[in-house]
Structure formats: structure tokens, C-alpha cells
Amino acid sequence: MSTNTIISGIIIAIVLVIILLVVLKLNKKDFNLEVNKLVQYLGGKDNILDTEVNMSRFKVTLKDVSKVDKEGIQKLGAKGIVEVDNQLKIIFGDNSKALKRYIDDMK
């Protein structure tokens, strides 16, 4: 094989890697933006009294549950929401622990 063929192959590989990285970046949701939206949908950070995580469930205790936008939370990817008194149990899957950490850091 000639040097030009090898160089062409390397350039094509680099271009493909760059395209793949761009596609992955565009498809990846901005986690911080999503968490900020979640906080808004929960009625703001002043409405959040406490957070807990149990496996895939994110449990949040609120001052006023009437301020919650459940439809907005569903659009963020919640697989289910259960309301009990002033608490919401939201099934977010693997993101639950990261959500708790981020929200607790906001307080």
C-alpha cells in the first residue's frame, strides 16, 4: 500500500470519529438544563424541603404540592409519579442519584 492510501485511510477515520462525536453531543441532553427544569416543575428550589433516593425512585418532600407541574416532569422522562401527602415519588431510573446530588447542592 502506498503512503497516500494510508494517509487517506487515517483522514477518513478521523473524520468519521469527529462526526460520531458531534452526533453523540447533539443527542445527549444537557443534564444541568434538565435538572433546572425539574426544579422549576417542582415549584422552585424554595418549594423543595427534602430529597431521597431509593433505587430508581426519586422522592421529594415539598412545601406545596399544588405548585408541581406533573406533565412537565413526565416530559423530562419520568416513568411514573406517585403523590402521597406532600411527597412525590418519581421514577427516573439511573438518573435518580445524580438528580438528588444536584438538587441538594443547589440548596
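At 222 nm, what value in deg cm²/dmol follows for the chain if DSSP H runs of at least 4 each add -39500 (n - 2.57) and the sum is divided by all its residues, to the nearest 500? Working shown, then result.
On the way: 4 runs with 53 residues, N = 107.
It comes out at -16000 deg cm²/dmol, rounded to the nearest 500.
By the Cα gyration tensor, region 1-102 has an equivalent ellipsoid whose semi-axes, rounded to whole angstrom, run 44, 12, 10 from largest to smallest. In the chain, a dipole from Cβ-located charges (positive for Lys and Arg, negative for Asp and Glu) runs towards its positive end, and of Val22, Val53, Leu42 it is Val22 whose Cα lies farthest in that direction. Relative to the longest principal axis of the Cα atoms of the chain, the long axis of helix 96-106 makes an angle of roughly 70 degrees.
Starting from the Cα gyration tensor of region 38-93, multiply each eigenvalue by 5, take the square root, and state the resulting semi-axes largest first in whole Å. Mind dumping the intermediate values first?
Values: eigenvalues 48, 33, 18 Å².
Equivalent ellipsoid of region 38-93: 15, 13, 9 Å, largest first.
Against the main long axis of the alpha-carbon atoms of the chain, helix 31-41 sits at an angle near 20°.
Note on the chain: with charges restricted to the Cβ of Lys and Arg (+1) and Asp and Glu (-1), its dipole about the Cα centre is near 160 debye. Taking packing as the residue-averaged number of other Cβ atoms within 10 angstrom, the listed peptides 71-80, 11-20 run from highest to lowest as 71-80, 11-20.
Bear in mind that the values in this text are calculations on the coordinates, not laboratory data. Predicted, not measured: the structure shown is a model, and the values here were computed from it. Note that each Cβ is placed from the backbone with ideal geometry, even for glycine, and that neighbours are counted across all protein chains shown.
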